[in-house]
1. For region 203-241, give me the residue count where each residue is touching a strand residue (DSSP E or B) at 6+ places or on another chain (Cβ under 8 Å), not acidic (Asp, Glu) and not in a strand (DSSP E or B).
2. Please indicate, with yes or no, whether at least one residue in region 393-411 is at pLDDT 95 or above and among the hydroxyl-bearing types (Ser, Thr, Tyr).
3. Just one of TYR259, TYR148 is surrounded by 23 or more Cβ atoms within 10 Å (Cβ to Cβ), in contact with a Leu (Cβ under 8 Å, 6 or more places away or on another chain) and either in the same structural domain as ALA441 (by TED's automatic domain parsing) or not in a loop (DSSP other than H, G, I, E, B) (or both); which is it?
4. Name the single residue that is surrounded by the fewest Cβ atoms within 10 Å (Cβ to Cβ) among those in region 73-93 being modelled with pLDDT under 95 and charged (D, E, K, R).
5. So which residues in region 29-64 are within 14 Å of ALA79 (Cβ to Cβ) and over 18 Å from the mean Cα position of the chain (by Cα), if there are any at all?
6. Pick from THR4, THR101: which is modelled with pLDDT under 95, surrounded by fewer than 21 Cβ atoms within 10 Å (Cβ to Cβ) and either in contact with a helix residue (DSSP H, G or I) (Cβ under 6 Å, 6 or more places away or on another chain) or outside any strand (DSSP E or B) (or both)?
7. Scan region 264-280 residue by residue and report those that are over 12 Å from GLY437 (Cα atoms) and in a helix (DSSP H, G or I).
8. Before we move on, is LYS181 touching an Asp or Glu at 6+ places or on another chain (Cβ under 6 Å), at negative phi, among the charged types (D, E, K, R) and in the same structural domain as ARG37 (by TED's automatic domain parsing)?
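The values are calculated or read from the model by the stated rules, or taken from the named source; none is laboratory data. Computed from a prediction, not measured in an experiment: that's the story for all the values here. Positions of Cβ are backbone-derived with ideal geometry, glycine not excepted, and every protein chain shown enters the neighbour counts.
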Amino acid sequence: MKITRKLNEECAVFAVSLSIDEAAGLTYNGLLSLQHRGQEGVGIAVVNDGHIFCHKDIGLVSEVFSTAELEKLPKGKIAVGHTRYSTTGVNKRENVGPFVTDYLTGRIAVAHNGNVTNALEIREDLKRQGLRFGATSDSEVISSLMAYCMMKEKNPLSGIIKAADMLRGAFSLAIVCNDDKLIAIRDPNGFRPLCIGQNELGFAVVSESCALDACDFKFVRDVLPGEVVVIENGEIKSEGIKLNNREDDRGLCIFEYVYFARPDSVIDGLSVYLTRRNMGLILAEEHPVGADLVCGVPDSGLDAAVGYSAKSGIPLAAGFVKNRYIGRSFIYPTQTQRDNAVKLKLNPLAAGIRGKKIVLVDDSIVRGTTSEKIVRSLKNSGAKEVHMRVSSPPFRHTCHYGTDIDNEENLIANKMSLDEIGAKIGADSLGYISIEGLKRACGGCALAFCTACFTGNGESERAKKDVFE
């Protein structure tokens, strides 16, 4: 049985263009910093003397790239890496990025974060042109389409831009070519983050700024929606906003701030940590309750709990001890063991919560099964009351852009009222942040937001900038 967090999101990219032959090792370090975005597979492709060498497999970064495996790759000056969580295609080695594709006069490697909604249509068109596919991932379709268009256009950059303009959905891309170009592209809506860093050795293109910090790159800027950026010979050049195929009025996935991103990242001008703290402040405004302690569910509930405590004046306390040494998968021979699996990762700190009224802050409730187990574990450890507060609105809709949300009929918010959900999970009260509150918490982001998983519609309205004390 595989135990996963409630929601997952597809992939991270990390790419560098350097003046020295250290690209492979630096990409490895960068992927370690982005492991939270995908734990199913990892790969690194390195450009060396006009050739592209790639190693990838199922597993965590440290599992796939032992010291021996990393040393087999040429160090190179240019590399692109990828961590994968599968929302399209089964979890097998062939579906792990980067995808390396040959065309008539060259080779490219593509790493992709997002979900391309017209991938099957493009795949069938390319198959009719004689192309063959060895995987079931939309990332392979992107790489094949780009190679095909590069051949047809007889100009690598023009071909890549033409191919990207045919894509629909979410795609933040890092592309390396065997002629030493590194190209970054973000879809016209900016669904997924992508940013650029620089140091004395060169440039990096990454999914989140936390990876720039970890690898000693200084943040330069975010890639703009629809923008194509080319890095070559130690210089960075923007080709401008080349893609205009927007999907309605959608924008950055707001759940990046709620859960996906690391709190030390800054996305489109906005600190992830501060937005989560703001969510907690607003939750305390919208759903106050008398209690003794505020506890966050590790890890993404912790920052919102800080905000709830600050606004309510209720002391903040650690409610759980998290086991940080458990791998990705566990086998449980009995149903009882499966039911208690959550305790392997989160064990209540009984000495601190016994006899207390607890405000429990978490990022989301999807089907309710995990929340029920967490609430039950607190009460079994002696908590007098547990009042659940959630820093995202109720999930009611699936996502087509790379967030792995269950079928709508399985989402608890579509089956029960607020009171029924609270009773189901065993909470003494339940409160979700409102859509308006969430957007207010994310005030100051440079982009509009997509909130379709909550509303069923893309949100074109920018959140107004708000200042929280």
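1. Summing the residues that are touching a strand residue (DSSP E or B) at 6+ places or on another chain (Cβ under 8 Å), not acidic (Asp, Glu) and not in a strand (DSSP E or B) in region 203-241 gives 11.
2. no
3. Values: TYR148 fails: surrounded by 23 or more Cβ atoms within 10 Å (Cβ to Cβ).
On inspection, the qualifying residue turns out to be TYR259.
4. My answer is ARG93.
5. Correct list: ILE44, ALA45, VAL46, VAL47, ASN48, ASP49, HIS51, ILE52, PHE53, CYS54, HIS55, LYS56.
6. Values: THR101 fails: surrounded by fewer than 21 Cβ atoms within 10 Å (Cβ to Cβ).
Just a single option satisfies the conditions, and that option is THR4.
7. In the first step, residues of region 264-280 are kept if they are over 12 Å from GLY437 (Cα atoms); the result is 264-274, 277.
Listed by number, the residues that qualify are VAL272, TYR273, LEU274, ARG277.
8. Working: touching an Asp or Glu at 6+ places or on another chain (Cβ under 6 Å): yes; at negative phi: yes; among the charged types (D, E, K, R): yes; in the same structural domain as ARG37 (by TED's automatic domain parsing): yes.
Answer is yes for this residue.
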